[in-house]
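Worksheet for the structure shown next.
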Amino acid sequence: MIRRLQDFMLGILQRTEAVFDSAFGERWNPWYQLGALSFHLFWIVVATGIYLFVFFDTSIVGAYASVHSLTEEQWYLGGVMRSLHRYCSDAMAITVTLHLLREFAKGRFRGAQTFSWVSGVPLLWLLFAAAIGGYWLVWDRFAQYIAQTTTEWMERLPVISDSLARTFLSDVTLSDRLFSLMVFMHIAIPLFLLVGMFIHVKRLKLARTDPARGLSIGVIATLVLLSLVKPARSMGPADLSTTVASVDLDWIYMNFYPLLDRVDPVYVWLLLAGVTALLVLIPWLSPQPRSAATAAAVVDPANCNGCSWCFQDCPYEAVTMITHEYKTGHRQAQVDPDLCTACGICAGSCPSATPFRHVEELVSGIEIPGFPVDRLRKEAMQKVATLSGDARVMVFGCDHALPIDQIESEGVAALSLPCAGMLPPSFVDYIARQEAVDGVLVSGCCTDDCFHRKGSQWTEERFASRRMPHLRTSAGHDKVRICWAGVSQRDKLETALAEFRASLRRHGIAARGDAESAGGGHEHQ
Amino acid sequence: MNTSDARRWLGQGVAYALFAAFIGYFSNSPAYQHLPPDQATIKLSVRHSGQLLGECKQRDSAELANLPATMRAPMDCPRERSPLELVLEVNGATVLHDIVPPRGLHRDGMASSYRRINVPAGAITLRVRMKDHTAQADFPYTAERTVTLQPAQVLVIDFDSQSRRFKFL
């Protein structure tokens, strides 16, 4: 059931992302950086909130008056700040919700990602509590509606020992101290949210919290423009002697509030508690059982020289360095199986995963049992043996990107790996030197949307000699090309492949045995 | 700028415009009708301690001997308080009949209740009654009033625990 829903959502997501790819390009596609966008919006909300706080008066009369004056008399700055504060909060609710749905569709809630998934669920409550509390502070008619409805809802909780809603019986029962408390809450809850966001990304190596600059500018410009065109305004001062009959509801945050008028608020608590419990339990309701194919990476102490490249490259921090089992003064890698997703990026970084070694069975210092480097060498060589014709290209792809068997043809052989980052650069060199190969093309997920987070990026950096292990090839960098292509980017990969083969022919590299015309850096599509 | 670039920028412009339109609209639209236009609101609020349910009784010497030395109080007074029984009638019809339990693990705290009830605007007769002991046959606290409520007006009926009577605010 969950997997069917996932597949259905993934289909929609991939089509949507493809449309956005064509408009924004991969670097600026907002779908690939929803988490980073949420962080970005959070900081704008904090910055604008600090400005608003400078002018805010924490009293019953002063609260409305100070916000109203800021909005109307200082519309060019205070008004824009207030509107940005509101619209960025709304935008954050949208990006967070889409982020959650996308990670679900991509299945990034199981195994090593369970921690990030589960730790993200309470953040939803904190985000909504922070936003709803913020509306309260304005103390206009909308705030009155929220205060009354929220307190009536809250007091249906058995842990609330006294009637909160009595505070809003009449203007007489209200106290200035309540606004001081609300300001404190409106600062404290976002602080908890920030701590929660930090914990949420704690187990991810180099978690992306800044969106691409172009996207960031686009989002800010859009929301500033919206703030100028449709500034956020108050609904008139609160008046507890009358009920707010009609309210301009923020449907992005308070879409469930009308339910409170229609059913017993206890059911709304049960509904939200049920949704929360379901979200928390999803990793266990649809687990990813360990199979031979997804078994955690293993370390072979005899081949591990303690270089720590796997430790630096593991996107899930599953690798740590410990004292070597028997080599005095040396270190070796250690894998936490609970954190390992069997992506193989560690094997791609291992200097001992070189196919040039003259051993009967190639064993790397670290590798995944589901796809050991010995099997990689054998399968790659079997594929190479099938190549014929001119401009023969060996393509390495990724299981989570475009299925590359679709592009196999005469002169093109393809081998898919769990992640492009699993391919050691020495393998590229090894294959490129084969008589039967004219070029090697590496494909996989787009760098900003790598299923295993860093596989594509690390591959690019290794090939560009910015990350160890470097791609060193005497066959010539012209014989190596990278083309990242998501599941819906078959045209892109086919075009890149055709251009690559044409380039190989043009340079005469396609001629069998002619591997001399190398030079310059590898080409990146 | 070639056609492809122009199309890309246009695509981005459309995406940002849709994003802004979605936020701009749903951040305060459509308006939600919280209260029908021809209705008013009554807020009924009570915060009162029910009477103790049991009588104090004198402990005999055997009972005292069975107690730890620090707990040998001569009087045994049960702490549990009675729930409140609250009834609100509008134009003779009962719109609320509530049993309000006392707070606390030992049910010895104050009983507190807040209810918001929407009623038709215009002239109405309200009758509110309350018992603070389960043994009471009749309602010792009663108030009745005819009021004319404007649409959206809030009428607060609050029980003053000190003067032990309902107030209409």
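For region A:256-283, the set of residues classified as closer than 30 Å to residue A:319 by Cα and touching a helix residue (DSSP H, G or I) at 6+ places or on another chain (Cβ under 8 Å) consists of A:279, A:280, A:282, A:283, listed by residue number.
Which members of region B:153-163 meet the condition of being surrounded by fewer than 19 Cβ atoms within 10 Å (Cβ to Cβ) and touching a residue at least 40 places away in the same chain (Cβ under 8 Å)? Spell out how you get there, then give the answer.
Kept after step one, since they are surrounded by fewer than 19 Cβ atoms within 10 Å (Cβ to Cβ), are these residues of region B:153-163: B:153, B:160-163.
Of everything in region B:153-163, those that are surrounded by fewer than 19 Cβ atoms within 10 Å (Cβ to Cβ) and touching a residue at least 40 places away in the same chain (Cβ under 8 Å) turn out to be B:153, B:161.
Tell me whether region A:43-55 contains one or more residues that are part of a helix (DSSP H, G or I), more than 15 Å from the chain's Cα centre (by Cα) and within 14 Å of another protein chain (Cβ to nearest Cβ). Scanning region A:43-55, I find at least one residue that is part of a helix (DSSP H, G or I), more than 15 Å from the chain's Cα centre (by Cα) and within 14 Å of another protein chain (Cβ to nearest Cβ), so the answer is yes.
Of the residues making up region A:422-454, those that are in contact with a strand residue (DSSP E or B) (Cβ under 9 Å, 6 or more places away or on another chain) and aromatic (Phe, Trp, Tyr) are A:427, A:451. Checking the structure you have, find out if any residue of region A:11-21 is at positive phi and more than 12 Å from every other protein chain (Cβ to nearest Cβ). No, that holds for no residue. Report whether or not residue A:228 is within 20 Å of residue A:78 (Cβ to Cβ), touching a residue at least 60 places away in the same chain (Cβ under 8 Å), buried (at least 20 other Cβ atoms within 10 Å of the Cβ) and not β-branched (Val, Ile, Thr). Criteria not met by residue A:228. Among the residues of region A:444-473, those that are in contact (Cβ under 8 Å) with a residue 40 or more places away in the chain, out of contact with any helix residue (DSSP H, G or I) (no Cβ under 6 Å at 6 or more places or on another chain) and under 24 Å from residue A:499 (Cβ atoms) comprise A:460, A:463, A:464.
Taking the criterion of being facing chain B (nearest Cβ under 7 Å), in contact (Cβ under 8 Å) with a residue 40 or more places away in the chain, in contact with a strand residue (DSSP E or B) (Cβ under 9 Å, 6 or more places away or on another chain) and of a type in the set (A, V, I, L, M, F, W, C), the residues of region A:231-248 that qualify are A:240, A:247. Pairs are defined by a Cβ separation below 6 Å, a sequence spacing of at least 6 or placement on different chains, a first member in region A:149-169 that is facing chain B (nearest Cβ under 9 Å), and a second member that is at pLDDT below 85 and in a helix (DSSP H, G or I); the pairs so defined are A:151/A:165; A:152/A:165; A:155/A:165.
Summed over region B:1-50, the residues that are hydroxyl-bearing (Ser, Thr, Tyr) and assigned to a strand (DSSP E or B) give a count of 3. Only residues that are touching a strand residue (DSSP E or B) at 6+ places or on another chain (Cβ under 8 Å) and part of a loop (DSSP other than H, G, I, E, B) were counted in region B:97-123, giving 8. Just so you know, in region B:139-169 the residues that are assigned to a loop (DSSP other than H, G, I, E, B) and of a type outside the set (A, V, I, L, M, F, W, C) include one that is farthest from the other protein chains (Cβ to nearest Cβ), and it is B:140. Just for region B:31-68: of the residues that are at the interface with chain A (Cβ under 8 Å from one of its Cβ atoms) and free of Cβ contacts under 8 Å to residues at least 60 places away in the same chain, which one is farthest from the chain's Cα centre (by Cα)? Selected residue: B:31.
Report, by residue number, each residue of region A:198-230 that is outside any helix (DSSP H, G or I) and away from chain B (no Cβ under 11 Å). Hits for region A:198-230 are A:201, A:202, A:203, A:204, A:205, A:206, A:207, A:208, A:209, A:210, A:211, A:212.
Conditions tested, residue by residue: (1) out of contact with any helix residue (DSSP H, G or I) (no Cβ under 7 Å at 6 or more places or on another chain); (2) among the aliphatic types (A, V, I, L, M); (3) surrounded by 13 or more Cβ atoms within 10 Å (Cβ to Cβ); (4) at pLDDT below 90.
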position	(1), (2), (3), (4)
B:55	yes, no, no, yes
B:66	yes, no, no, no
B:69	yes, yes, no, yes
B:80	yes, no, yes, no
B:83	yes, no, yes, no
B:86	yes, yes, yes, no
B:89	yes, no, yes, no
B:94	yes, no, no, no
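The values are calculated or read from the model by the stated rules, or taken from the named source; none is laboratory data. Every value quoted in this text rests on a predicted model; they were computed, and no experiment measured them. Every residue, glycine among them, receives a Cβ derived from its backbone with ideal geometry; neighbour counts consider all protein chains shown.
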